[in-house]
């Protein structure tokens, strides 16, 4: 059950509420004008939060950096999530503290300031939408450097589109098939995120015909925007044992 929205917090680099503490950090621009930072989400034991495609019961993070000063082109990345049950539903997210690294480009010679307006869901027995406004002045302090380095170290390895992964729509447009020829057929698992307005079901492993190598998954399309069509690209995160690889924009092939 979701509680009502809380009012936005006074802008600061930290925010605390029952079950969660947030901290926003940023580093000064590097030689290329790139600013790196991280949003730290410290969950108390027994609490959880959600991934970008959280499933039917969760709340996807909404992170708005538009009020930042002298910065543009923000890009947020996410570490590997996990699946967990919420009643009869399966959700995707994080059961332990997590950090979301981000990058932006310095847009002017003025001193940059990161401003983040966010809405995330945190849950224990009930789910609470957490609304906060955070700011961070870039600093080269050791704490900020350590936070950003740790957040980036937890990210999955990106893979280029030429890796051989494919996504194809079914002839009736009701599902997608993801084929990963270089994945282990035994312990591979995937997490898939579609563009805004789309909702996908949980991946279901399928047996490939003959001796075809790799792994394949079918994913039901549960909701789509209007007008009907297929998403042009999806993000696919493959986990296998201790490794994780991400294809952030896998083109969906039409039947």
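The values are calculated or read from the model by the stated rules, or taken from the named source; none is laboratory data. Not measured: the values here are computed from a predicted model. Note that each Cβ is placed from the backbone with ideal geometry, even for glycine, and that neighbours are counted across all protein chains shown.
A few notes on this one:
- Residues of the stretch 44-56 satisfying the condition of being buried (at least 20 other Cβ atoms within 10 Å of the Cβ), more than 19 Å from residue 248 (Cβ to Cβ) and either out of contact with any strand residue (DSSP E or B) (no Cβ under 6 Å at 6 or more places or on another chain) or modelled with pLDDT under 95 (or both): 55
- Scanning the stretch 171-190 for residues that are in contact (Cβ under 8 Å) with a residue 60 or more places away in the chain, surrounded by 15 or more Cβ atoms within 10 Å (Cβ to Cβ) and assigned to a loop (DSSP other than H, G, I, E, B) gives no hits.
- Against the numbered list (1) touching a residue at least 12 places away in the same chain (Cβ under 8 Å); (2) under 22 Å from the mean Cα position of the chain (by Cα); (3) in the same structural domain as residue 104 (by TED's automatic domain parsing); (4) more than 20 Å from residue 61 (Cβ to Cβ), residue 139 comes up short only at (2).
- Criterion applied to 196, 244 was being outside any loop (DSSP other than H, G, I, E, B) and within 27 Å of residue 57 (Cβ to Cβ), and the one residue passing it is 244.
- All positions within the stretch 86-104 that are over 13 Å from residue 47 (Cα atoms) and at pLDDT below 95: 87, 88, 89, 90, 91
- Going through (1) surrounded by 13 or more Cβ atoms within 10 Å (Cβ to Cβ); (2) at pLDDT below 95; (3) under 17 Å from the mean Cα position of the chain (by Cα) one by one, residue 197 falls short only on (1).
- Yes/no for residue 99 being out of contact with any helix residue (DSSP H, G or I) (no Cβ under 9 Å at 6 or more places or on another chain) and either without any contact (Cβ under 8 Å) to a residue 12 or more places away in the chain or not in a loop (DSSP other than H, G, I, E, B) (or both): no
- Residue among 18, 64 that is farther than 28 Å from residue 190 by Cα and either exposed (fewer than 14 other Cβ atoms within 10 Å of the Cβ) or touching a helix residue (DSSP H, G or I) at 6+ places or on another chain (Cβ under 8 Å) (or both): 18
- The residues in the stretch 21-39 that are touching a residue at least 40 places away in the same chain (Cβ under 8 Å) and surrounded by fewer than 20 Cβ atoms within 10 Å (Cβ to Cβ) can be counted, and the count is 4.
- Here residue 77 meets the list (1) surrounded by fewer than 21 Cβ atoms within 10 Å (Cβ to Cβ); (2) more than 25 Å from residue 241 (Cα to Cα) almost entirely, failing just condition (2).
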